[in-house]
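Before any comments, here is the structure.
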Amino acid sequence: MSHPSPGPEITYAECRQCGTLIAGLDGRYSCGVCGWVNHHSEGHRALPRAEDDIDHAAARTDDNRLS
Ligand SMILES: [Zn+2]
(Lines give C-alpha, C1' and ligand atoms only; values in the text may rest on other atoms or scores of the structure.)
Protein backbone atom coordinates (compact mmCIF):
# COMPACT_ATOMS: atom_id res chain seq x y z
CA MET A 1 0.00 0.00 0.00
CA SER A 2 1.43 3.40 -0.96
CA HIS A 3 -0.39 5.36 1.73
CA PRO A 4 -2.25 4.60 4.96
CA SER A 5 -6.00 4.36 5.18
CA PRO A 6 -7.75 7.72 5.66
CA GLY A 7 -9.99 6.09 8.27
CA PRO A 8 -9.70 6.41 12.05
CA GLU A 9 -6.61 5.00 13.72
CA ILE A 10 -6.90 2.61 16.66
CA THR A 11 -5.09 4.01 19.68
CA TYR A 12 -4.58 2.75 23.23
CA ALA A 13 -4.45 4.43 26.60
CA GLU A 14 -5.09 3.74 30.26
CA CYS A 15 -8.48 4.67 31.66
CA ARG A 16 -8.04 7.74 33.83
CA GLN A 17 -10.62 6.46 36.28
CA CYS A 18 -9.77 2.77 36.81
CA GLY A 19 -6.44 2.34 34.96
CA THR A 20 -7.58 -0.39 32.56
CA LEU A 21 -5.83 -0.41 29.19
CA ILE A 22 -8.49 0.48 26.66
CA ALA A 23 -8.60 0.93 22.91
CA GLY A 24 -10.03 3.93 21.16
CA LEU A 25 -10.18 5.66 17.80
CA ASP A 26 -7.97 8.70 17.16
CA GLY A 27 -7.46 9.32 20.87
CA ARG A 28 -11.11 8.96 21.85
CA TYR A 29 -11.71 6.40 24.56
CA SER A 30 -14.60 4.69 26.25
CA CYS A 31 -13.84 2.35 29.16
CA GLY A 32 -15.93 -0.80 29.17
CA VAL A 33 -15.03 -1.54 32.80
CA CYS A 34 -16.09 1.62 34.64
CA GLY A 35 -17.83 3.59 31.91
CA TRP A 36 -15.34 6.47 31.78
CA VAL A 37 -15.13 8.33 28.49
CA ASN A 38 -12.86 11.19 27.49
CA HIS A 39 -14.13 14.26 25.75
CA HIS A 40 -14.21 13.94 21.98
CA SER A 41 -12.17 17.16 21.70
CA GLU A 42 -9.19 15.18 23.05
CA GLY A 43 -9.14 13.17 19.84
CA HIS A 44 -6.17 13.59 17.56
CA ARG A 45 -8.25 14.91 14.69
CA ALA A 46 -11.67 16.47 14.40
CA LEU A 47 -12.49 14.64 11.18
CA PRO A 48 -10.12 12.17 9.49
CA ARG A 49 -10.65 13.40 5.95
CA ALA A 50 -7.85 12.80 3.45
CA GLU A 51 -8.23 16.20 1.77
CA ASP A 52 -7.67 17.94 5.10
CA ASP A 53 -4.60 15.88 5.97
CA ILE A 54 -1.45 17.86 5.18
CA ASP A 55 0.72 14.74 5.27
CA HIS A 56 -1.50 12.98 2.75
CA ALA A 57 -1.49 15.99 0.43
CA ALA A 58 2.30 16.23 0.59
CA ALA A 59 2.72 12.52 -0.13
CA ARG A 60 0.36 12.69 -3.08
CA THR A 61 2.25 15.68 -4.53
CA ASP A 62 5.53 13.79 -4.23
CA ASP A 63 4.06 10.79 -6.02
CA ASN A 64 2.88 12.96 -8.91
CA ARG A 65 6.21 14.73 -9.33
CA LEU A 66 8.60 11.89 -9.88
CA SER A 67 11.38 13.31 -12.03
ZN1 LIG B 1 -12.24 2.57 33.53
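The values are calculated or read from the model by the stated rules, or taken from the named source; none is laboratory data. Since we're looking at a predicted model, the values are computed, not measured. Here Cβ is always computed from backbone atoms with ideal geometry, including for glycine, and neighbour counts include all displayed protein chains.
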Task: Residues of the range 8-24 classified as within 12 Å of the ligand (Cβ to nearest atom), among the hydrophobic types (A, V, I, L, M, F, W, C) and touching a strand residue (DSSP E or B) at 6+ places or on another chain (Cβ under 9 Å), total - done: 4
Open item on the list: If I filter the range 37-46 for residues that are assigned to a loop (DSSP other than H, G, I, E, B), within 16 Å of the ligand (Cβ to nearest atom) and either surrounded by fewer than 13 Cβ atoms within 10 Å (Cβ to Cβ) or modelled with pLDDT under 70 (or both), do I get at least one hit?
Closed with: yes
TODO: Of the conditions (1) at pLDDT below 60; (2) surrounded by 12 or more Cβ atoms within 10 Å (Cβ to Cβ), residue 1 clears all except one; give me its number.
DONE: (2)
Task: Long-range neighbours under 9 Å by Cβ, at least six apart or interchain, first residue touching a residue at least 12 places away in the same chain (Cβ under 8 Å) within the range 25-44, second among the charged types (D, E, K, R) and more than 16 Å from the ligand (Cβ to nearest atom) - done: 25/9; 26/9; 26/45; 27/9; 27/45; 43/26; 44/9; 44/26
